[in-house]
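Worksheet: the structure to be examined is printed underneath.
The values are calculated or read from the model by the stated rules, or taken from the named source; none is laboratory data. The shown structure was predicted, so the numbers you read here are calculated from the model rather than taken from an experiment. We place every Cβ from the backbone using ideal geometry, glycine too, and count neighbours over all the protein chains shown. Surface accessibility is based on the protein's heavy atoms, side chains included, excluding ligands, DNA and RNA. Shrake-Rupley method; radii C 1.70, N 1.55, O 1.52, S 1.80 Å.
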Amino acid sequence: MAGAVLRRKRYIWREWLTSYLFLLPALAFFLLFVAFPMLKGIYISFFDYTLRDFDFVGLDNFNVLLHDDVFAKSMWNTMLIVLVAVPAVVLFSIFAAMTIYKKSEMQRSFFRGVFYLPAVSSVVSITVVWASIYHPNYGILNYITSLFGAEPIGWLGDTRTALLAIILVLITTSVGQPIILYVASLGNIPTSYIEAAQIDRASAGQIFRKIIWPMLMPTNLYIIVITTINTFQVFAIIQLLTSGGPMYATSTVMYGVYEQAFMLGSFGLASAMGVVLAVVIGIISVIQFKYLGSDVEY
Amino acid sequence: MSAYTEVRHGGKREGIAVERRKRRELSVGKIAANILLVISALLFIFPFYWIVTGAFKVQNVAVAIPPEWFPLEPTLDNFRVLFNNPVWKWGFNSFFVATSEMIGVCLVASMAGYVLAKKQFPGRKFIFILFVSAMALPKQVILVPLFTMLADFGWIDTYQGLILPAIGWPFGVFLMKQFAQTIPGELIEAAKIDGCSELRLFYRIIMPLLKPALGALAIFTFINAWNDYFSQLIITRSTSMMTLPLGLATLQGEYTTPYGVLMAGAALASLPMILIFLLFQKAFTQGITMGAVKG
């Protein structure tokens, strides 16, 4: 009897030990390269941290940001990009998914693939071709608008169009994953629900509002939250197409972080910007969860 | 009696008419939606068409207005000029970094995902929540402190600096845990009763069962690693450590580089990923869908 208890105890101990050993690599990498940098980022945001100095300055960095016009402009631009791009991505993805999910397997994977192309391609390739499309003199976009009698525009060099031009590219690179997810969740809606509604003579609009939309809610929540988080961090497209210009018209917070840290060497201020951005993203994610999550039935 | 039949008949006929009208409305909407879909698809394909055709155009053709929609006299000169740069080295760097990340993530994530799904031990729930909540963390925000840390290690402009940080990203653990939950516990018990050691059990039984999820995770990690431009930009310094996208970005930054050469570079930097995606679309799609399902 005592021997059995001991054996049982030893067995549990071994289970625990093997579990921790199996977890160790993942946990070590995670703590070292994700958790620790996150804490360090908060820590150095209170320092004047450049290549020469490392001095504690309290909240000075945040105070600087509060009174910095460029930072305000970057934050405004970031918000604008999120407000335009996220709804556009969600609406386009739902439209595309609704149109393709009933097609044959071959057509479905063809369209899914086409809309995913910009997301799997290197962002550098994407910006190379868009820079040529947008070019004021040789660009194909100005050629096409000129056929309709429009004057040529420097799409990326004009403060009025630059941000819009960036947002368009951003949208094309962001819809791939949402479309895949929407197609998957539309496929999971039992056809009997929709058939029953059709027998009851429900219109297409009613079917969408009353059946399809509620069933899509969990996917909506996920896609909106993820797309918002990603859009807030838009960087590569901007760095490669406009470098934040002209006149900071396309500067975003993430681009500002890059500029401060890696071009001006001021890591403390850059980290403070990163902390502000993370807090803003956090607050908005929580709001989205609260607001959209209440409709979700798991 | 006959009146009754009349009414019933009329009702039915009316019903059919309504049905027809509805179907007509529906099909008009459907046709419009399909036209819009095809137009958007063409707009999505066009940049890639422009890259591939542009790669074979000489400079004065590439900038010609009206544009030459198809290169009538294709040239390979652009590729020749492009390969004056260390493109082979850049390609090797991209492949090496992406492959290492892929292997690292798959190994580490499947081990962790398996025990998180199938074993009972103190702290299990806490650790899982730690991983999941970190997934919502804005990834690029930690790049500045990560950079200063790698600089302290002396890892700037090294392979370990490019590869190891990405292995800590918790998405893989989450994906593997989700999938490992579907493994029947009896299978594991039976193997243990047969005296199978933990390592053997994992290697011989768990890993093969995780194969579909591992495939998806592998492709996912590989493509993400290849395209992780921001990390590569800040961690790389020398020309010989650059990845293919980064090398291309440098050429793009030198404003004298001809269009055709940039397009050739753009094709090289993206075609491998597009091919991998097209070949493994099914596994890839499954991975994305699995990763989004709530546990």
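Can you give me the accessible area per residue for segment A:1-101, using a 1.4 Å probe, in Å²?
It amounts to 61 Å² per residue over segment A:1-101.
Select from segment A:29-78 all residues whose loss of accessible area on going from the chain by itself to the full protein assembly reaches 40 Å² or more (probe 1.4 Å).
A:PHE29, A:PHE30, A:PHE33, A:VAL34, A:PRO37, A:MET38, A:LYS40
Counting partner chain Cβ atoms within 10 Å of every residue's Cβ in A:13-21, what's the average?
5
Is it possible to state the helix-based mean residue ellipticity at 222 nm for the protein assembly as shown, with each DSSP H run of 4+ residues giving -39500 (n - 2.57), the sum divided by total residues, to the nearest 500 deg cm²/dmol? What is it? Each step should come with its number before you reach the end.
Values: 30 runs with 430 residues, N = 593.
Result for the protein assembly as shown: -23500 deg cm²/dmol, rounded to the nearest 500.
A:PHE47's amide H: which non-local residues (gap 5+, or another chain) put their own amide H closer than 5 Å, with H modeled 1.01 Å from N in plane and none for Pro or chain starts?
A:VAL57
Heavy atoms of the protein only, probe of 1.4 Å, neighbouring chains included. What is the accessible area of B:TYR49 in Å², nearest 10?
The accessible area of B:TYR49 comes to roughly 90 Å².
In terms of solvent-accessible area of protein heavy atoms at a 1.4 angstrom probe, what is the ranking of B:LYS282, B:LYS57, highest value first?
Listed by decreasing accessible area, they come as B:LYS282, B:LYS57.
Heavy-atom accessible area of A:VAL253 with all protein chains present, probe 1.4 Å, nearest 10 Å²?
0
Keeping all protein chains in place and using 1.4 angstrom, which order do A:TRP13, A:TRP155 fall into by accessible surface area, from largest down?
Reading off the accessible areas and sorting them downward yields A:TRP13, A:TRP155.
Please compute the per residue accessible area over segment B:88-184 with all protein chains in place, 1.4 Å probe, rounded to a whole number of Å².
Dividing the accessible area of segment B:88-184 by its residue count gives 38 Å².
With a 1.4 Å probe and every protein chain left in place, tell me how much accessible area A:THR159 has, in Å² to the nearest 10.
Estimated to the nearest 10 Å², A:THR159 gives 80 Å².
Along the principal axes of its C-alpha atoms, what lengths does the protein assembly as shown span, in descending order and rounded to whole Å?
92, 84, 52
Hey, could you grab the Kirkwood Rh for segment B:162-239? Inverse mean 1/r over distinct alpha carbon pairs, Å, one decimal.
Roughly 14.9 Å, rounded to one decimal.
When only alpha-carbon atoms count, how far does chain A stretch along each of its three principal axes, as whole angstroms with the largest first?
94, 73, 33 Å, listed from the longest principal axis down.
Just tell me how shielded B:120-133 is by partners: mean number of partner chain Cβ atoms within 10 Å of each residue's Cβ, no decimals.
That works out to 3 on average.
Relative to the compact-globule scaling 2.2 N^0.38 Å, provide the ratio for the alpha-carbon radius of gyration of segment A:86-214.
1.38
Going from most exposed to least, what order do B:VAL115, A:VAL84 have by accessible area with a 1.4 Å probe?
The most accessible residue leads, giving A:VAL84, B:VAL115.
Considering every Cα-Cα pair within chain B, what fraction, in whole percent, is farther apart than 30 Å?
Above the 30 Å cut-off, chain B has 54 percent of its Cα pairs.
What list of whole percents do you get for P(r) of segment B:30-140, with Cα-Cα distances grouped in 5 Å bins up to the one holding the largest distance?
2, 8, 9, 10, 10, 10, 10, 10, 11, 9, 6, 4, 2, 1
For peptide A:140-151, what's the mean number of Cβ atoms from other chains within 10 Å of each residue's Cβ?
Numbers: counts 6, 0, 1, 4, 2, 0, 2, 1, 0, 0, 0, 0.
For peptide A:140-151, the averaged partner shielding equals 1.
Treating cross-link reach as a plain straight distance, find the lysines whose alpha-carbon is under 21 Å from the alpha-carbon of A:LYS40, omitting any fewer than eight places away in the same chain.
Leaving aside lysines fewer than 8 places away in the same chain, those within reach of A:LYS40 are B:LYS139.
What's the buried accessible area, both sides, between A and B using a 1.4 Å probe, rounded to 100 Å²?
Chain pair A/B: roughly 8000 Å² of buried accessible area.
What list of ³J(HN,Hα) values in whole Hz, one per residue of segment A:255-269 in order, does the Karplus curve 6.51 cos²θ - 1.76 cosθ + 1.60 (θ = phi - 60°) give from phi, with Gly and Pro shown as x?
Ordered by residue, 3J(HN,Hα) equals 5, x, 4, 4, 4, 4, 6, 9, 10, 9, x, 10, 6, x, 5 Hz.
Report in % the part of the accessible area of segment A:129-225 that belongs to carbon and sulfur, leaving out ligands and nucleic acids; probe 1.4 Å.
60
Are there trypsin sites (Lys or Arg not before Pro) in segment A:153-246 that DSSP marks as loop and that have at most 15 other Cβ atoms within 10 Å, and which are they?
Working: sites: A:ARG160, A:ARG201, A:ARG209, A:LYS210; in loops: A:ARG160, A:ARG201.
Taking segment A:153-246 and a limit of 15 other Cβ atoms within 10 Å, the loop trypsin sites (Lys or Arg not before Pro) found are A:ARG160, A:ARG201.
Of the trypsin sites (Lys or Arg not before Pro) in segment A:12-63, which ones lie in a loop per DSSP and count no more than 16 other C-beta atoms within 10 Å?
Passing both the DSSP loop test and the Cβ count: A:ARG52.
With each label point set 7 Å from Cα along the Cα-Cβ vector, what nm distance links A:TYR143 and B:ILE45?
Going from the A:TYR143 label point to the B:ILE45 one covers 1.9 nm.
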